[in-house]
Every structure is written in C-alpha cells, then in structure tokens.
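The values are calculated or read from the model by the stated rules, or taken from the named source; none is laboratory data. These numbers were taken from a predicted model, which means no experiment stands behind them. Backbone-built Cβ (ideal geometry, glycine too); neighbour counts: all protein chains shown.
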Amino acid sequence: MKKYFIIGILMFSQNMLHAQKTKVTTEALKAFQTKFPTAKDATWDREGKNEFEVEFKLEGQKASANFSIKGEWIETEHTITENILPKGFLDNFRKVKRGAKINQIFKVERADGKSYYEIECTIGLIKKEFKIDLNGQLI
C-alpha cells in the first residue's frame, strides 16, 4: 500500500512540475495582462512552436486565450449559457442535430474577425463538437 501511495505522490509531483515548466515570453504575458486585467487562476501551456494557450477564469466563467510568442492575441474562447445565444439559435441546431444533448457552449472570438460558436454535445454515446457561425450556420 505504501508503494502505491509513494508512486501516486511522485506522479502528482511530476504533473505539478510539468504545469510550472511552461516558460511564457514576456510579450505574451504582458499582452494577456493587458487584454484580461481581471483574469484569475491563469495556467499557461504551449500550443505549438510559436503559440501559447492560457486557461483562466473571467467573471467566474472558464475561458482560454491564445497568444503568439510575440504577444499577438490570436483568439479567446469562453463558456456561455444558452440564454446568451440569439433567439431560435438552439432550436435550429436541434432540428439539424436531432437527439443532441448539449454539454457546453463556447463563444470563440478571433483576431481575424471570424468569430463563431462551438457546441460540445453528445449524440447517442458519441461526443461531438460543432462550429457554428454567428448567423447559426454550421461551419
């Protein structure tokens, strides 16, 4: 039993070290602090060679943002509730994706202006993710 306890502690410690090893550029960190000055509980990770992703809480909601290593904002994804969506939006979605159980909805805002909604849902036993433009059309 002691052996498993020690192994568990070592695995937990390794995960904590990994989470703290991400070295964020000063430019990306400053850009994040400027764009989201009230963000809490920020956790950084690499997203490819030239990009960081930071997960955080903003006004009590889960959010994430991507920044280039030069500090350029790329996109933000934040959790939203169904009542924030335009009227009839989910009715249309449910007509197209019959039987879908919606798990989470995100609004994705991009620096290039191509914002959209992302719906994570379960259809039967399969988890799926759909991107929908701001007019309610599947992308």
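Quick notes
- Within the stretch 45-60, the residues that satisfy the criterion of being charged (D, E, K, R) and in a strand (DSSP E or B) are D45, R46, E51, E53, E55, K57.
- Just one of the listed residues (I80, I123, I105, I69) is touching a Gly at 6+ places or on another chain (Cβ under 7 Å) and aliphatic (A, V, I, L, M), and it is I123.
- Taken as a whole, the stretch 61-69 holds at least one residue that is aromatic (F, W, Y), in a strand (DSSP E or B), in the same structural domain as T34 (by TED's automatic domain parsing) and touching a helix residue (DSSP H, G or I) at 6+ places or on another chain (Cβ under 9 Å).
- Tallying residues that are within 14 Å of Y116 (Cα to Cα), hydroxyl-bearing (S, T, Y) and at pLDDT 95 or above within the stretch 58-106 yields 1.
- The single condition among (1) of a type in the set (A, V, I, L, M, F, W, C); (2) within 14 Å of the chain's Cα centre (by Cα); (3) closer than 15 Å to E129 by Cα that L58 does not satisfy is (3).
- Flag for G136 being in contact with a helix residue (DSSP H, G or I) (Cβ under 6 Å, 6 or more places away or on another chain), farther than 15 Å from K62 by Cα and either of a type in the set (K, R) or in a loop (DSSP other than H, G, I, E, B) (or both): yes
- A Cβ distance below 7 Å, combined with a sequence gap of six or more or placement on separate chains, defines the contacts here; from the stretch 121-139, residues that are in the same structural domain as G99 (by TED's automatic domain parsing) reach residues that are among the polar types (S, T, N, Q) in the pairs C121/N103; T122/N103; L134/S115; G136/N92.
- Out of I139, I126, one residue alone is farther than 28 Å from T38 by Cβ and at pLDDT below 90. It is I139.
- Qualifying positions in the stretch 77-102 - surrounded by 11 or more Cβ atoms within 10 Å (Cβ to Cβ) and touching a helix residue (DSSP H, G or I) at 6+ places or on another chain (Cβ under 8 Å): L90, A100, I102
- Qualifying residue in the stretch 92-100 (condition: touching an Asp or Glu at 6+ places or on another chain (Cβ under 7 Å) and closer than 23 Å to K62 by Cα): no
- W73 being touching a Phe, Trp or Tyr at 6+ places or on another chain (Cβ under 9 Å) and either more than 30 Å from K30 (Cβ to Cβ) or without any contact (Cβ under 8 Å) to a residue 40 or more places away in the chain (or both): no
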